[in-house]
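The values are calculated or read from the model by the stated rules, or taken from the named source; none is laboratory data. Quick caveat: nothing in here was measured; it's all calculated off a predicted structure. All Cβ positions, glycine included, derive from the backbone under ideal geometry; neighbour counts span all protein chains shown.
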Amino acid sequence: MTETTKGKAHADFTELATFVTTDIAGITRGRSFAAKVIDDYLRKGVGWVPANLALTPFDQIAEANPWGSAGDLRLMPDPKSQARVTCLPDVTPLNFYHADITDLSGHPWDCCVRSFLKRTLDAFEREAGLRVIAAVEQEFQLLGVGWPEAPSFSLRAQRRADPFGPLLMRALEEAGVEPEMFLPEYGKDQFEITCRATDALTAADRGATIRVIAREVASLFGWQASFAPKTSANGVGNGVHLHVSFTDLEGNPVTFDASRPGRLSEVAGSFAAGVIRHLPALVAFTAPSVLSYMRLVPHHWSAAYTCLGEKNREATLRICPTLDLPGSNPARQFNMEYRAADACASPHLSLAVLLKAGLEGIKAGLEQPPLINSDPSGFSMEDQQRLGIRRLPSSLAGALDTLAEDKTVTGWFAEDFLDCYVAMKRKEIEIVEGLSPDELCARYATVY
């Protein structure tokens, strides 16, 4: 922004509103218009194109997508999902709505991931009598900062970024995200944002909103907020942690049972079993980039095996601790954390496939998996087999092959969606083929 336009933005410019979708590449895209005519657009939405779903992270369309140049769709906004931020200095308000993709008659498009999540939540209520409570935690790094080194987790690491943290928290509060914590993390110039648990659809919307706003705030300082799974080959990874718990239809918590292993209720144990059973296929959606598999390796507190653990950060599905102070209610706090996800994925799709897998376990009445409370790579091959511990795919190509073999998971999706998803991911693999690890990190860091 030039000196002549600074300070005039709010008074003299037309505020824009944008309807957005966070697509299968994990990128938030949309169309904007004058906010003063929002009522008209809330009714009719804005135009969209089927082949947009085939866009790779690097803005090349997979040629083998099912639609080519044909077809028209609409982005139909959810009025409750609005995020509007006016507190950022010297820029116009940031104003956007999360939208469902529909056909021209307003019916949900069968390749819309937000609609897929909504259908999954409806199935939880209808088939299991449960509602899902969720939260999305996200790690990111600030690039281009040029400040002195500071110890991990330290107050100095937080304060050297000032006033980035307070401004980010204020913007997230204004957007209705309900942020809880902004904290310096273990990695170089790495931070984490957590927010309050809420219904699962809102939680997924918040996951996308946090990424948009964090990047917006960082840009005001001349920095880049990167949520890429890795920004350097030898660096610490950036993960997305999906927290889930359940209530009955009256709002009573049903995830906790102090008498059972790990304090998981019977229904929560069955949910965990469904997730563990389908985990090798799920990562094709929750860790969906070539770079994702540089993060999902043993001994990195991320996730590399199919296991359920209690307070174990090497477990892909972790039972989180509860506060046991007087007056605390563990049943209200109790939740599980899915750790094999990153920000190259749509939060709506990641949460949906996690829940679909768990619902399969509930419907089948699967027994809770054994608790693995140490690094699963330390078990012998015989013990791994006995305990149901399997190594997750070690590459995106491997994950796509594993997905194709899991007919339960592929059966959740429309044929066009699966064809597009696999074609787009194969194109992504082709684009970055031959890059060194550091080149790969740099390529993704600029996008995410």
ask   = Of (1) among the hydroxyl-bearing types (Ser, Thr, Tyr); (2) surrounded by fewer than 22 Cβ atoms within 10 Å (Cβ to Cβ); (3) within 19 Å of Gly361 (Cα to Cα), Ser259 satisfies all except one. Which?
value = (3)
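Of everything in segment 216-241, what is part of a loop (DSSP other than H, G, I, E, B) and within 20 Å of the chain's Cα centre (by Cα)? Give them in sequence order. Please lay out each step first, then the result.
Taking segment 216-241 and keeping what is part of a loop (DSSP other than H, G, I, E, B), we get 221-223, 227-239.
Scanning segment 216-241 gives Phe227, Ala228, Pro229, Lys230, Thr231, Val236, Gly237, Asn238, Gly239.
Quick one: which of Pro370, Pro437, Pro376 is buried (at least 16 other Cβ atoms within 10 Å of the Cβ) and within 26 Å of Gln138 (Cβ to Cβ)? Outline the logic, then answer.
Working: Pro370 fails: within 26 Å of Gln138 (Cβ to Cβ); Pro437 fails: buried (at least 16 other Cβ atoms within 10 Å of the Cβ).
Going through Pro370, Pro437, Pro376 in turn, just one is buried (at least 16 other Cβ atoms within 10 Å of the Cβ) and within 26 Å of Gln138 (Cβ to Cβ): Pro376.
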message = Quick check on this structure: which one of Ala134, Ala161 is over 26 Å from Met76 (Cβ atoms), small (Gly, Ala, Ser) and not in a helix (DSSP H, G or I)?
response = Ala161
ask   = Is segment 146-157 home to any residue that is in contact (Cβ under 8 Å) with a residue 24 or more places away in the chain, part of a helix (DSSP H, G or I) and in contact with a strand residue (DSSP E or B) (Cβ under 6 Å, 6 or more places away or on another chain)?
value = yes
query = How many residues are without any contact (Cβ under 8 Å) to a residue 40 or more places away in the chain, touching a strand residue (DSSP E or B) at 6+ places or on another chain (Cβ under 9 Å) and surrounded by fewer than 16 Cβ atoms within 10 Å (Cβ to Cβ) if we restrict to segment 323-348?
reply = 1
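Pick out, from segment 1-111, the strands (runs of 3 or more DSSP E) lying fully within it that include 3 or more residues that are at pLDDT 95 or above and of a type outside the set (Val, Ile, Thr).
Numbers: elements: 16-22, 28-34, 46-48, 73-77, 83-85, 94-102.
Strands (runs of 3 or more DSSP E) meeting the threshold: 16-22, 28-34, 73-77, 94-102.
Take the conditions modelled with pLDDT of 95 or more, aliphatic (A, V, I, L, M) and either surrounded by 20 or more Cβ atoms within 10 Å (Cβ to Cβ) or touching a strand residue (DSSP E or B) at 6+ places or on another chain (Cβ under 6 Å) (or both) and apply them to Val136. Does it pass?
Details: modelled with pLDDT of 95 or more: yes; aliphatic (A, V, I, L, M): yes; either surrounded by 20 or more Cβ atoms within 10 Å (Cβ to Cβ) or touching a strand residue (DSSP E or B) at 6+ places or on another chain (Cβ under 6 Å) (or both): yes.
Against the criterion (modelled with pLDDT of 95 or more, aliphatic (A, V, I, L, M) and either surrounded by 20 or more Cβ atoms within 10 Å (Cβ to Cβ) or touching a strand residue (DSSP E or B) at 6+ places or on another chain (Cβ under 6 Å) (or both)), Val136 qualifies.
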